[in-house]
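Report on one structure; see the data block that follows.
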Amino acid sequence: MLDKVKNNEELTKQDIVSLLKMDSKPELEELCKIANSESKEPDSCEFKKMVTLKFSNNCATNCLYCSLRKSNEKLKRYRLTFEQITKALDHLDTSQFDCILLEIGQDKYYKIQEIKDLINYANKCLGNKTFAVSIGERTEIEYKMLKDAGLNFCFLRHKISDPILYRNLHPDMKYSNRIKALWSLKKLGFNVGSGVMVGLPGQTFESLANDILMFKTLDIDFIDIIQYNPHPDTPLAKKFYRAGGYFAPAIGYFDIKEMICKMTAITRIVNKKADILVNTDMANRTQEELHFNCGANISIINLTRVELRKIFETPKILNSNGLFYKY
Ligand code: SF4
């Protein structure tokens with residue numbers, strides 16, 4: 001199968017499944033090496049750096065794996081005001097990052113006009129930095145208003161491309177709405193970021209292969225592949241612990257880090273032009289580990305947790321979830 005990758009041939013779903021099943025370490029290293037050479041910054045130790053600001057931890061929906069879910073009564077909620085968000089933007093040292101993502105879940109508390117005001121502000125104060133927002137599913141008309149206000153980059157994770165799994169994990173959301181929203185963003189000419197989770201119950205090699213192909217079908221510009229981490233205050237985590245701390249019975253036992261590595265590498269090989277996020281902290285990475293970037297080229301950095309303490313006199317907010325979100 002690696003020959004097909006080396007020869008730069010188009011990979012079918014079955015090819016991707018075979019690569020995901022690969023269990024030879026030398027072959028995996030070879031795969032990562034090829035993916036790194038395909039990276040947007042091949043052989044570079046320099047990643048683009050991205051910082052994210054989660055400006056609300058409220059959400060109207062109930063995804064089974066997420067601690068921000070509406071029914072989690074243990075979570076201390078916050079919403080930043082326009083003034084607080086702009087103060088945080090003012091405080092950032094723009095020389096230390098390349099792009100910034102302002103994000104929330106399904107929190108319609110913020111009207112489109114407020115998001116537009118933020119876009120105007122960010123475009124003025126961030127100079128040529130890439131500015132992105134992630135505000136969940138909105139109507140095409142609303143997305144267009146943001147585009148007209150000067151937003152070029154919008155982030156919406158599709159999370160999982162298997163409609164049945166999607167329905168099981170998102171009791172109050174519809175897979176078709178998610179995909180429709182992503183197509184709307186593409187149609188409007190946004191650079192679109194999206195992402196998936198690995199290690200969810202019921203995931204199969206086929207559904208992981210579909211996740212990779214979905215990035216290609218939607219021509220996603222920025223890709224985030226994250227590991228499912230059970231949060232104790234979620235229904236899914238309770239199932240996870242009952243299952244002995246392991247999920248994905250359809251696949252069998254696997255090393256989750258290795259699976260993320262394979263997913264990232266194959267995603268790079270299939271989606272050559274996309275930016276792909278490394279899901280570990282740049283600061284902790286050694287030269288040797290960089291070999292295992294697997295073709296990813298963007299690093300999330302937590303520039304600001306300390307900085308924000310200086311701005312906001314509400315350390316409890318910082319402690320509850322971290323305003324600046326680290327993947
Ligand atoms: S929509 Fe996003 S923030 Fe809200 S519960 Fe689902 S994953 Fe969490």
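Can you name the number of the only condition in (1) within 16 Å of the ligand (Cβ to nearest atom); (2) of a type in the set (A, V, I, L, M); (3) buried (at least 17 other Cβ atoms within 10 Å of the Cβ) that Ile85 fails?
(1)
For the stretch 158-172, which residues satisfy the criterion of being crowded, with 18+ Cβ neighbours inside 10 Å and of a type outside the set (Ser, Thr, Tyr)?
His158, Lys159, Ile160, Asp162, Leu165, Leu169, His170
Please list, ordered by first then second residue, the pairs with beta carbon atoms under 6 Å, 6 or more apart or interchain, first in the stretch 219-239 and within 30 Å of Lys187 (Cα to Cα), second in a helix (DSSP H, G or I) and acidic (Asp, Glu).
As it stands, the answer is none, since no pair meets every condition given.
Cβ contacts < 6 Å: first residue more than 8 Å from the ligand (Cβ to nearest atom), restricted to the stretch 62-73; second residue among the aliphatic types (A, V, I, L, M), any location; separation 6+ or different chain. Result?
Within 6 Å, the pairs are Leu64/Leu169; Leu64/Leu236.
Filter the stretch 98-111 down to residues that are away from the ligand (no atom under 16 Å from the Cβ) and buried (at least 19 other Cβ atoms within 10 Å of the Cβ), then give me how many there are.
Qualifying residue count for the region: 2.
Within the stretch 103-218, considering only helices (runs of 4 or more DSSP H) that don't extend past its boundaries, which have at least 2 residues that are modelled with pLDDT under 95?
Answer list for the stretch 103-218: 112-125, 163-169, 205-217.
Please determine whether any residue of the stretch 151-162 is in contact (Cβ under 8 Å) with a residue 12 or more places away in the chain, small (Gly, Ala, Ser) and either within 22 Å of Asn72 (Cβ to Cβ) or within 16 Å of the ligand (Cβ to nearest atom) (or both).
yes
Which of the residues that make up the stretch 242-287 are among the β-branched types (Val, Ile, Thr), modelled with pLDDT of 70 or more and buried (at least 18 other Cβ atoms within 10 Å of the Cβ)?
Ile260, Thr264, Ile266, Thr267, Ile269, Val270, Ile276, Val278
Among the residues in the stretch 52-60, are any in contact (Cβ under 8 Å) with a residue 24 or more places away in the chain, within 16 Å of the ligand (Cβ to nearest atom) and among the basic types (Lys, Arg)?
Yes, that holds for at least one residue.
The values are calculated or read from the model by the stated rules, or taken from the named source; none is laboratory data. No experiment lies behind these values; they were computed from the predicted model shown. FYI the Cβ positions are ideal-geometry reconstructions off the backbone, even for glycines, and counts take in every protein chain you see.
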